[in-house]
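Novice: First, the structure itself, so that you have it in front of you.
The values are calculated or read from the model by the stated rules, or taken from the named source; none is laboratory data. Since this is a predicted model, take the numbers as computed values, not measurements. For neighbour counting, all protein chains shown are included, and Cβ atoms are generated from backbone atoms with ideal geometry for every residue, glycine included.
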């Protein structure tokens, strides 16, 4: 039996101590802690890393503080369109959804695509039909509404621009006692997004990737850059083909390659040996991690 490990994130970007109240900081820290505990509860019972990732992300999706599930940002037309993906490092199976509405936990729909369909990626109406067929839990528009997100939309429309909600995208990576790793990511995308815009979060290889031979990765940040740099898979490739360590690979991609492109954000990563990396090139990243016999770590700002 291997020692288990888990890490989660709740978004990266311009997160400054000067703009945070003690109450809000405590609420975010609690949200991250709850997610770690939800995932660890699975791992403690010798459950799979895949299920641990799903449960950790569901916890974050249910928390209106994060830009996923209940707290998802609004599109230009005032709707919540959500994306999610999940990947199993044991056999490279994956599932993803994009542009889904009224699905309470998009990460569970992504997992269902992987386990209950012949496909990897479903989008829009078709993905929602699939969810209905499986009787996955849905919720009315009012469930996803938060006053803060609506205010963000009004500001974005007034300035005629899309806004990346840095306090946003959520993700998890986990290693179970059987030595298998998994990764997942879920998001509401960008405030005021138009034309069915999709970011990196549901794209296998860009926002999410897992392979027992290398690593499990979940990304957060300016999605367009993460897509162009195929960030999650690039980290894995540097480990597989160049023999880099998890830390070396993560640092090269996030602190070097992405920066040169102009991409802001970060990622959480772990390998089958239980090494964990929480790397970002922005002012902060909501992050937490825990190893089987270790203390819970939570962080928000740059150390």
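Novice: Hey, among 264, 277, 240, 248, which residue is in contact with a helix residue (DSSP H, G or I) (Cβ under 9 Å, 6 or more places away or on another chain) and within 21 Å of residue 179 (Cα to Cα)?
Specialist: Checking each option against the conditions leaves just 277.
Novice: Report, by residue number, each residue of the range 120-144 that is in contact with a helix residue (DSSP H, G or I) (Cβ under 9 Å, 6 or more places away or on another chain) and not in a helix (DSSP H, G or I).
Specialist: Within the range 120-144, 120, 121, 122, 134, 136, 137, 138, 139 qualify.
Novice: Still on this structure, I have one more. In this structure, does residue 108 turn out to be out of contact with any strand residue (DSSP E or B) (no Cβ under 6 Å at 6 or more places or on another chain), under 17 Å from residue 54 (Cα atoms), in contact (Cβ under 8 Å) with a residue 12 or more places away in the chain and not in a loop (DSSP other than H, G, I, E, B)?
Specialist: Details: out of contact with any strand residue (DSSP E or B) (no Cβ under 6 Å at 6 or more places or on another chain): yes; under 17 Å from residue 54 (Cα atoms): yes; in contact (Cβ under 8 Å) with a residue 12 or more places away in the chain: yes; not in a loop (DSSP other than H, G, I, E, B): yes.
Against the criterion (out of contact with any strand residue (DSSP E or B) (no Cβ under 6 Å at 6 or more places or on another chain), under 17 Å from residue 54 (Cα atoms), in contact (Cβ under 8 Å) with a residue 12 or more places away in the chain and not in a loop (DSSP other than H, G, I, E, B)), residue 108 qualifies.
Novice: Tell me the residue from 147, 142, 127, 156 that is buried (at least 16 other Cβ atoms within 10 Å of the Cβ) and either within 22 Å of residue 183 (Cβ to Cβ) or free of Cβ contacts under 8 Å to residues at least 12 places away in the same chain (or both), please.
Specialist: None of the other options fit; the residue is 127.
Novice: Mind telling me which of the residues 71, 11 ends up being on the phi > 0 side of the Ramachandran plot and surrounded by 22 or more Cβ atoms within 10 Å (Cβ to Cβ)?
Specialist: 11
Novice: Further question: Suppose we filter the range 43-66 for residues that are touching a helix residue (DSSP H, G or I) at 6+ places or on another chain (Cβ under 8 Å) and without any contact (Cβ under 8 Å) to a residue 24 or more places away in the chain; how many remain?
Specialist: 2
Residue by residue, here is whether (1) outside any loop (DSSP other than H, G, I, E, B); (2) touching a strand residue (DSSP E or B) at 6+ places or on another chain (Cβ under 6 Å); (3) under 18 Å from residue 13 (Cα atoms) holds:
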site	(1), (2), (3)
148	yes, no, yes
171	yes, yes, yes
178	no, no, no
186	yes, yes, yes
196	no, yes, no
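Novice: Scan the range 291-300 for residues that are under 18 Å from the mean Cα position of the chain (by Cα) and in contact (Cβ under 8 Å) with a residue 40 or more places away in the chain and jot them down.
Specialist: Result: 298, 300.
Novice: If you go through the range 1-37, how many residues are in a helix (DSSP H, G or I) and under 15 Å from the mean Cα position of the chain (by Cα)? Talk me through it step by step, then tell me what you get.
Specialist: Residues of the range 1-37 that are in a helix (DSSP H, G or I), as a first pass: 17-19, 22-37.
Next cut, under 15 Å from the mean Cα position of the chain (by Cα) only: 31-32, 35-36.
Matching residues across the range 1-37 total 4.
Novice: Here's another thing I want to ask about it. If residue 171 satisfies all but one of (1) surrounded by 16 or more Cβ atoms within 10 Å (Cβ to Cβ); (2) touching a residue at least 40 places away in the same chain (Cβ under 8 Å); (3) more than 20 Å from the chain's Cα centre (by Cα), what's the number of the condition it fails?
Specialist: Answer for residue 171: the failing condition is (3).
Novice: I'd like the full set of residues that are surrounded by fewer than 24 Cβ atoms within 10 Å (Cβ to Cβ) and either touching a helix residue (DSSP H, G or I) at 6+ places or on another chain (Cβ under 7 Å) or more than 18 Å from residue 128 (Cβ to Cβ) (or both), limited to the range 81-92.
Specialist: Step one: of the range 81-92, the residues surrounded by fewer than 24 Cβ atoms within 10 Å (Cβ to Cβ) are 81, 90-92.
Within the range 81-92, 90, 91, 92 qualify.
Novice: Residues of the range 187-214 being over 23 Å from residue 284 (Cα atoms) and modelled with pLDDT of 95 or more, which ones?
Specialist: 203, 204, 205, 210, 211, 212, 213, 214
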